[in-house]
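Enquirer: Got a structure for you, questions after.
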Amino acid sequence: MTGHVTIDYEKLVADYVQSLTTVLRGFSSGAGHAFLDMWVYDENDVKSILGILDAARDAAVPSITLSLGAATLKKVDATKLKESAARFGKVATEKKGDTLDFSVTFDTSKSRIGADVEKKLRFGERAAKQKVKLPTAPSRGQYTNGTINPLYAKAVQQAAKSRVFEAALKEESGSIFAQSSQKGITLAALVEPKKHVVHKVGYQGATTDTQRGLLEGLCKQMLGKPILECGDHAVVFLEFELRDHSMPRPVGGIVTPENSDAMFALPTTLVRGLLTDYRKKTEFKSIENTYDLPISDAWRKLSQEERVKKIQSEIERHPLGEGVHVERLETPKRVVVGFREGITSADKQGRLMQLEDHLKRALEPTLQLYVEPKPDANKIRRLKESNQ
Amino acid sequence: MSIRHTPHEEASVAHDHTDKLILDGTKIGWHLDRVRAWERGERFAPITIDMALTRACNYACFFCYAMLQENDRQVITTDVMYRFLDDCAEMGVKGISLVSDGESTLSPAFIPTIKRGYELGISMAVGTNAFVLNRAKLEDIMPYLTYLRVNFSAGTRDRYAQIMGVKAEWFDRVCQNIRDMMEIKHRDNLETTIGMQMVLMPQDHDQIMPYARLGKELRPDYAIIKHCSDNEDGSLGVDYSKYAEFYHILREAETLSDESYKVVVKWSKIKAKGGRSYQRCYGAPFLLQISGSGLVAPCGMLFNERYKKFHIGNIVEQSFKDIVMSDRYWEVMNYLASPKFDAQKMCGALCLQHKVNEYLDEYKKGRLELVEPTELPPMHQNFV
């Protein structure tokens, strides 16, 4: 580095601050001066200016002039700044209208001086306020003695009426018969041993409508799915399926079958017991579960155009669908939507989740909503892509 | 240890919890109070927050995942951070790492944030390219840091410049800064752990040994070698099957470890080949990520505008305490834990929450028991 350097300090700062929100990679505070790559703007202008001098001295810049504008001079005590800068070498100032040229000729004989190190604070010295206790929700204890959480009551009662799966299963050749029992209730399944898929399932011994409703729901969740997926997630799906989503969630935090209602302990025990029995009767030991809920037959049969039309129509039917349109379908499950101008970011966030719920219920349970991505901003990678 | 496996013949994915410094596992077993709160369905504050103070970076690494995470940017000032840190302390956030999404050292809020966080009793940590961390700044911040990790994805000058998108002489500057870190640490007997971290793309495996040797010369406490994360579309083109071709080089690099310098390969993630054993994401409320734009979203992989439905709020505009207490926050977290979400299909590979997710998923599936730890806590306990 040779030669005198002149810098408009306020422009440098403005460019720096702006670049923090406009530049992604290859950020440079530079103003064309490589030594400024080491400099970081500080909201305290005295520290900021001393930082520039430090970087310049390190890069063997012989002398520098910083042009300080009126806005900076209002915040900085020029006399104190001069005193602080004296450690770098000879300081000179020249007033030019509203601005001050602040010049330093570096003294190369002076040793490098570190920043002013403030007194070390003690860990936790600034006493934190009283710890906040975040609000809790009703605990499952409320629903342990045969009372059902009202969130599930209607769906459980409805399921209990069907009695589709309340039957004894018989062993069949080519299938593995697995079963488990709990308090006189038995869950049994016939599992196809090559893909480990449940192709028949049933239960016996239920004595209440709640048990019957839960087991009807559980069997419905299990049918056609791998036995491992049943053991891992059938009750998670069951809880979600039986819940009335128009009401507040059963707990304030993360909902699980275990914390939402004690009644889910029965299907959990039964289905896990069934998996254990299947493992005992076969060589099946895998815990690798990559089951992906397939799209429904009805949705599969539709053309892409028909799917888009149906989705758009459902969006328009929903009160939050105003100003939302389908951009494209990436896959039969993935829908990219756009918003009209003027819809705020926060509004978009909330609407997307509710519209997605509506589409899942009205059209196809596997649908997912996304918006158009902001593209990968890596110029080198994008250049490579465009050359391919 | 806090984990006891239900006896059966199945191999478990949760392990490596006994090292003094856990670099390839999770420390969530030492935070069972939060795990119990989660189980009870309570709202609780994150244990650790991984965040950035800006999205800008003076480097341009080819593999940079954060470039895929673009969202609406706002300025995180020192005042914003002071309010945020006050909220964190009040709610019981235990550790904040200024790591992802951008180069936080470029922000004027960087040093004040570290000091204020420490003062409030929050463990503070930094992951950085360390280019601007000259001696003066290191003297200023090191006493307040639990760890300082330098991203350093090559072992030679020219390849450093090539892989990390900078001038070759920046390599020398950063090497000097690491030497200064170690000198300050030893001089002042600081507990701050100094690390180097290589994000390894399979095509850059020629740099494994030079990197491990360079580390041995600079002598940080450890030098990590880790996989590169990719998004759900595989935009970075990471071929996870390729890593197996140079396992022998990784093992050779490990042999350079000695009493005060460890070469650590993140085997569990490298061998996972980008796959996940779980479908629900339970880890985000425990280990939350905040973008350098101020955006609060469950994790970095969901920062992009594409994932708007998972975006919760912004610390520039709202109080963090209000965000964490909001229905919106728990609506998003519940989505991730529900049948609507499938981390195997809807996420990129090997996220920050991966090990926490493995642990909690095993527990939810009845394959783990939670037991109060009896051992001494590991180092950096507050960074789960």
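Enquirer: Would you mind finding the one in A:Lys220, A:Lys195, A:Lys200 that is more than 14 Å from chain B (Cβ to nearest Cβ) and not in a loop (DSSP other than H, G, I, E, B)?
Expert: A:Lys200
Enquirer: Right, here's the next one. Does any residue of the stretch A:1-9 turn out to be more than 9 Å from every other protein chain (Cβ to nearest Cβ), assigned to a helix (DSSP H, G or I) and modelled with pLDDT of 95 or more?
Expert: Yes, the stretch A:1-9 has at least one match.
Enquirer: For the stretch B:292-319, enumerate the residues that are within 20 Å of B:Asp230 (Cβ to Cβ) and among the hydroxyl-bearing types (Ser, Thr, Tyr).
Expert: B:Tyr307
Enquirer: May I pose another question? Inspect all residues belonging to the stretch A:277-289 and state whether any of them is in a helix (DSSP H, G or I), under 26 Å from B:Glu358 (Cα atoms), of a type in the set (A, V, I, L, M, F, W, C) and within 12 Å of chain B (Cβ to nearest Cβ).
Expert: No; the residues of the stretch A:277-289 include none that is in a helix (DSSP H, G or I), under 26 Å from B:Glu358 (Cα atoms), of a type in the set (A, V, I, L, M, F, W, C) and within 12 Å of chain B (Cβ to nearest Cβ).
Enquirer: Can you tell which of B:Leu336, B:Leu368, B:Leu295 is touching a helix residue (DSSP H, G or I) at 6+ places or on another chain (Cβ under 7 Å) and either within 25 Å of A:Cys230 (Cα to Cα) or more than 9 Å from chain A (Cβ to nearest Cβ) (or both)? Break it down into steps so the answer makes sense when it comes.
Expert: Values: B:Leu336 fails: touching a helix residue (DSSP H, G or I) at 6+ places or on another chain (Cβ under 7 Å); B:Leu295 fails: touching a helix residue (DSSP H, G or I) at 6+ places or on another chain (Cβ under 7 Å).
Result of the check over B:Leu336, B:Leu368, B:Leu295: B:Leu368.
Enquirer: I would also like to ask the following. Of (1) within 8 Å of chain B (Cβ to nearest Cβ); (2) without any contact (Cβ under 8 Å) to a residue 12 or more places away in the chain; (3) not charged (D, E, K, R), A:Ser260 satisfies all except one. Which?
Expert: (2)
Enquirer: Another question, if that's okay. On the basis of being hydrophobic (A, V, I, L, M, F, W, C), surrounded by fewer than 19 Cβ atoms within 10 Å (Cβ to Cβ), in contact with a Leu (Cβ under 8 Å, 6 or more places away or on another chain) and within 14 Å of chain B (Cβ to nearest Cβ), does A:Val46 make the cut? If you could, list the steps in order and put the result at the bottom.
Expert: Working: hydrophobic (A, V, I, L, M, F, W, C): yes; surrounded by fewer than 19 Cβ atoms within 10 Å (Cβ to Cβ): yes; in contact with a Leu (Cβ under 8 Å, 6 or more places away or on another chain): yes; within 14 Å of chain B (Cβ to nearest Cβ): yes.
For A:Val46, the condition - hydrophobic (A, V, I, L, M, F, W, C), surrounded by fewer than 19 Cβ atoms within 10 Å (Cβ to Cβ), in contact with a Leu (Cβ under 8 Å, 6 or more places away or on another chain) and within 14 Å of chain B (Cβ to nearest Cβ) - is met.
Enquirer: Within the group B:Gly121, B:Gly41, which residue is modelled with pLDDT of 95 or more, at the interface with chain A (Cβ under 7 Å from one of its Cβ atoms), surrounded by fewer than 22 Cβ atoms within 10 Å (Cβ to Cβ) and not in a helix (DSSP H, G or I)?
Expert: Values: B:Gly41 fails: surrounded by fewer than 22 Cβ atoms within 10 Å (Cβ to Cβ).
Of the residues listed, the single one that is modelled with pLDDT of 95 or more, at the interface with chain A (Cβ under 7 Å from one of its Cβ atoms), surrounded by fewer than 22 Cβ atoms within 10 Å (Cβ to Cβ) and not in a helix (DSSP H, G or I) is B:Gly121.
Enquirer: Next question, about the same structure. Return the residue satisfying two criteria in turn: it lies in the stretch B:336-384 and is aliphatic (A, V, I, L, M), in a loop (DSSP other than H, G, I, E, B) and surrounded by fewer than 23 Cβ atoms within 10 Å (Cβ to Cβ), and of such residues it is nearest to the chain's Cα centre (by Cα).
Expert: First pass over the stretch B:336-384, keeping only residues aliphatic (A, V, I, L, M): B:336-337, B:343, B:346, B:349-350, B:352, B:356, B:360, B:368, B:370-371, B:376, B:379, B:384.
This time we only want the ones that are in a loop (DSSP other than H, G, I, E, B), so: B:349-350, B:352, B:371, B:376, B:379, B:384.
Still in the list and also surrounded by fewer than 23 Cβ atoms within 10 Å (Cβ to Cβ): B:352, B:371, B:376, B:379.
Values: B:Leu352: 6, B:Val371: 26, B:Leu376: 23, B:Met379: 15 Å.
Looking at the filtered set, the residue picked out is B:Leu352.
Enquirer: Here is a further query. Can you tell me which residue among B:Gln289, B:Gln279 is within 11 Å of chain A (Cβ to nearest Cβ) and either crowded, with 18+ Cβ neighbours inside 10 Å or part of a helix (DSSP H, G or I) (or both)? Talk me through it step by step, then tell me what you get.
Expert: Values: B:Gln289 fails: within 11 Å of chain A (Cβ to nearest Cβ).
The unique qualifying residue is B:Gln279.
Enquirer: Still on this structure, please answer the following. Residues to consider are B:Cys61, B:Cys88; find the one that is over 16 Å from A:Leu20 (Cα atoms) and either outside any helix (DSSP H, G or I) or hydroxyl-bearing (Ser, Thr, Tyr) (or both).
Expert: Details: B:Cys88 fails: either outside any helix (DSSP H, G or I) or hydroxyl-bearing (Ser, Thr, Tyr) (or both).
Result of the check over B:Cys61, B:Cys88: B:Cys61.
Enquirer: Also, I was wondering about something else. Which one of the conditions (1) in contact with a helix residue (DSSP H, G or I) (Cβ under 8 Å, 6 or more places away or on another chain); (2) on the phi > 0 side of the Ramachandran plot does A:Ile254 fail to meet, given that it meets all the rest?
Expert: (2)
Enquirer: Okay, moving on. Could you look through the stretch B:242-258, keep only residues that are part of a loop (DSSP other than H, G, I, E, B) and surrounded by 14 or more Cβ atoms within 10 Å (Cβ to Cβ), and pick out the one that is farthest from the chain's Cα centre (by Cα)?
Expert: B:Leu256
Enquirer: Would you please name the residue that is surrounded by the most Cβ atoms within 10 Å (Cβ to Cβ), looking only at residues in the stretch B:156-179 that are under 15 Å from B:Asn129 (Cβ atoms) and touching a Leu at 6+ places or on another chain (Cβ under 8 Å)?
Expert: B:Ile178
Enquirer: While we're on this one: Could you give me the residue pairs with C-beta distances under 8 Å whose first residue belongs to the stretch B:372-384 and is acidic (Asp, Glu), whose second residue is at pLDDT below 90 and part of a loop (DSSP other than H, G, I, E, B) wherever it lies, and which are 6+ apart or on separate chains?
Expert: B:Glu372/B:Ser2; B:Glu375/B:Met1; B:Glu375/B:Thr18
The rows are residues; the columns are (1) touching a Cys at 6+ places or on another chain (Cβ under 9 Å); (2) part of a loop (DSSP other than H, G, I, E, B).
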| position | (1), (2) |
| --- | --- |
| B:Glu217 | yes, no |
| B:Ile224 | no, no |
| B:Ser229 | yes, yes |
| B:Ser235 | no, yes |
| B:Ser268 | no, no |
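Enquirer: Among the residues of the stretch A:223-232, is there at least one that is touching a Gly at 6+ places or on another chain (Cβ under 9 Å), within 14 Å of chain B (Cβ to nearest Cβ) and buried (at least 22 other Cβ atoms within 10 Å of the Cβ)?
Expert: yes
Enquirer: State which residue is farthest from the other protein chains (Cβ to nearest Cβ) when the search covers only the stretch B:90-104 and only residues that are touching a Lys or Arg at 6+ places or on another chain (Cβ under 8 Å) and surrounded by fewer than 24 Cβ atoms within 10 Å (Cβ to Cβ).
Expert: Only one residue tops the list, namely B:Val99.
Enquirer: For residues that are surrounded by fewer than 24 Cβ atoms within 10 Å (Cβ to Cβ) and basic (Lys, Arg), scanning just the stretch B:44-84, find the one that is nearest to the other protein chains (Cβ to nearest Cβ).
Expert: So the residue we want is B:Arg73.
The values are calculated or read from the model by the stated rules, or taken from the named source; none is laboratory data. All figures in this text were calculated on a predicted structure; none of them were measured in a lab. All Cβ positions, even for glycine, are placed from backbone atoms using ideal geometry, and neighbour counts span all protein chains on display.
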